[in-house]
Amino acid sequence: MKDDNCIFCKIANGEIPSKTLYEDEKFRVILDLGPATKGHALILPKNHYANLYELPDEAASNVMLLAKKMVSQMTDRLSCDGFNLVQNNGEVAGQTVFHFHMHLIPRYKDDVQKIGWKPGKPSQEELEEIRGKICGK
Ligand code: AMP
Ligand code: ZN
């Protein structure tokens, strides 16, 4: 399940070289070429799934287990102060490479990155309306 036109398929499967931190049968973890901070890494499945919607359940749970393992190792080795896990789906959400990937972003007390959003101020009625829409009741 590879896509011949997908750069992350080629990287994940070793056809294009990368700075690899970890590899097994199903995943490769690489350093991001445009890092938010020192050590910013990406978990790539070797199979092509465009996004979270296409990711099978088993791969989804394996991604989180691998993220946990990498975050522990990287925190030890980099002495970072925290971590953001980011996973974008769809252009509107900031996805630029349409092969599922999980960002692992080490955070340092003195880094200048901002990963966040402007909080809204919904009323209880607005919260109830969206809750009902999501839950169907
Ligand atoms: P996203 O915007 O969530 O789709 O993230 C794509 C990420 O892939 C960005 O952080 C890019 O810096 C990174 N990226 C793009 N091409 C490469 C590449 N060839 N090797 C490593 N990272 C890449
Ligand atoms: Zn791919």
Suppose we keep only residues that are closer than 25 Å to residue 62 by Cα and at pLDDT 95 or above within the range 100-127. Which one would you say is surrounded by the fewest Cβ atoms within 10 Å (Cβ to Cβ)?
107
Can you tell me how many residues in the range 58-99 are open to solvent by 50 Å² or more (accessible area, probe 1.4 Å), within 16 Å of ligand 2 (Cβ to nearest atom) and free of Cβ contacts under 8 Å to residues at least 24 places away in the same chain?
1
Which residue out of 43, 16 is farther than 13 Å from residue 74 by Cβ and of a type in the set (A, V, I, L, M, F, W, C)?
16
Only one of 67, 60 is under 24 Å from residue 23 (Cβ atoms), within 16 Å of ligand 1 (Cβ to nearest atom) and not basic (Lys, Arg); which?
67
Sort out which residues of the range 128-137 are among the charged types (D, E, K, R) and either open to solvent by less than 50 Å² (accessible area, probe 1.4 Å) or at pLDDT below 95 (or both), and write them in order of number.
137
Selected residue (criterion: nearest to ligand 1 (Cβ to nearest atom)) from residues of the range 71-92 that are more than 15 Å from residue 38 (Cβ to Cβ) and under 12 Å from the mean Cα position of the chain (by Cα):
88
Odd one out for residue 15 among (1) touching a residue at least 24 places away in the same chain (Cβ under 8 Å); (2) in a loop (DSSP other than H, G, I, E, B); (3) within 16 Å of ligand 2 (Cβ to nearest atom):
(1)
Scan the range 9-32 for residues that are within 9 Å of ligand 1 (Cβ to nearest atom) and either open to solvent by less than 20 Å² (accessible area, probe 1.4 Å) or among the aliphatic types (A, V, I, L, M) (or both) and jot them down.
11, 16, 30, 31
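The values are calculated or read from the model by the stated rules, or taken from the named source; none is laboratory data. Everything quoted here is computed from the prediction, not taken from an experiment. Glycine gets a Cβ as well: all are built from the backbone with ideal geometry, and neighbour counts include every protein chain shown. Please note that ligands, DNA and RNA were not included when accessible areas were found on the heavy atoms of the full protein model with its side chains. Shrake-Rupley method; radii C 1.70, N 1.55, O 1.52, S 1.80 Å.
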